[in-house]
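Peer 1: The structure's right below; bear with me while I get my questions together.
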Amino acid sequence: MIEGVRLVEEALAAGLPFQGALVAPDLARTARGVALVAELERHAIPVEEIGVRTFAQLADTEAPQGIIAVIEPRRWDAAEFAPRPGAVALVIDGVQDPGNVGTLIRTAHALGAAGTVVLRGTADPTSPKALRAAMGATFRHPVVLLDDAGFIAWARKHAVTLWAAAADGTPLHRALGKGAGKGDAGSVDDGPIAVIVGNEGAGIRPQLNAVAAQRVAIPLAQGAESLNVAVAAGILLYEVTRGR
């Protein structure tokens, strides 16, 4: 289920299948709302108007915008996600806040990541809160759900180098400088890299740290303890992508 004008517009633009939509009378008070209903009807999507009180009971947000839709989000599998040489991917390990998960997917999409792998213990990326936080990125950006064994097998199959974010890791600028100019086929400079970010409190699980080729850190100002996981992922993805 998705809610809000922007998210429904994004789902339509992405060509996702709709089961139907519920609208409140307030939606017709804006030109954008009227246009959205017309577009839904043009796609032969059932639209039903319900009362304000009923809509408020169904809505998941505190200030609903007058439209809720039921969609069928795309399901990606590992076979469809084969990162090319030079690509960068994001891996989310055990991030439990759905808002953070959605923001991570939005960030990965905006920074040109090839896709995002979601591991066990992570909030559902298709939950209403995660979809709202992703601002439509989930509808276009490959998001693959894998268990640990499937993830490790995927990384080995596609020769993906794993970098784990860690407060005590190698400073990012030093990690990016390693191997510069080698030009070896299949080296970290040429092959795909997957950046792993972990749980807001506990970080990345030990079994994933064990298979990572490198643990990298973002140097922080003295006295600063940590960054929000989505902010950290944005910095890491930007710098790794730029350094390719």
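Peer 1: Would you list the helices (runs of 4 or more DSSP H) that sit entirely within region 69-163 and hold 3 or more residues that are more than 27 Å from ILE45 (Cβ to Cβ) and at pLDDT 95 or above? Spell out the reasoning first.
Peer 2: Numbers: elements: 98-110, 128-134, 148-157.
Per the criteria, 98-110, 148-157.
Peer 1: Would you point out which residue out of ILE196, ILE218 is buried (at least 22 other Cβ atoms within 10 Å of the Cβ), under 16 Å from ILE235 (Cα atoms) and at pLDDT 90 or above?
Peer 2: Working: ILE218 fails: buried (at least 22 other Cβ atoms within 10 Å of the Cβ).
Only one candidate passes the filter, namely ILE196.
Peer 1: When the residues of region 43-65 are narrowed to those that are at pLDDT below 95 and among the small types (Gly, Ala, Ser), which ends up surrounded by the most Cβ atoms within 10 Å (Cβ to Cβ)?
Peer 2: ALA59
Peer 1: Look at region 23-42 and say how many of its residues are among the aliphatic types (A, V, I, L, M), over 27 Å from the mean Cα position of the chain (by Cα) and surrounded by 13 or more Cβ atoms within 10 Å (Cβ to Cβ). Give the derivation first.
Peer 2: Keep residues of region 23-42 that are among the aliphatic types (A, V, I, L, M), which gives 23-24, 27-28, 31, 34-38, 40.
From what is left, the residues that are over 27 Å from the mean Cα position of the chain (by Cα) are 23-24, 27-28, 31, 34-35, 37-38.
If we keep only those that are surrounded by 13 or more Cβ atoms within 10 Å (Cβ to Cβ) as well, we get 23-24, 27-28, 37.
Here the count works out to 5.
The values are calculated or read from the model by the stated rules, or taken from the named source; none is laboratory data. As the structure is a computational prediction, the values presented were derived from the model and not from experiment. All Cβ positions, glycine included, derive from the backbone under ideal geometry; neighbour counts span all protein chains shown.
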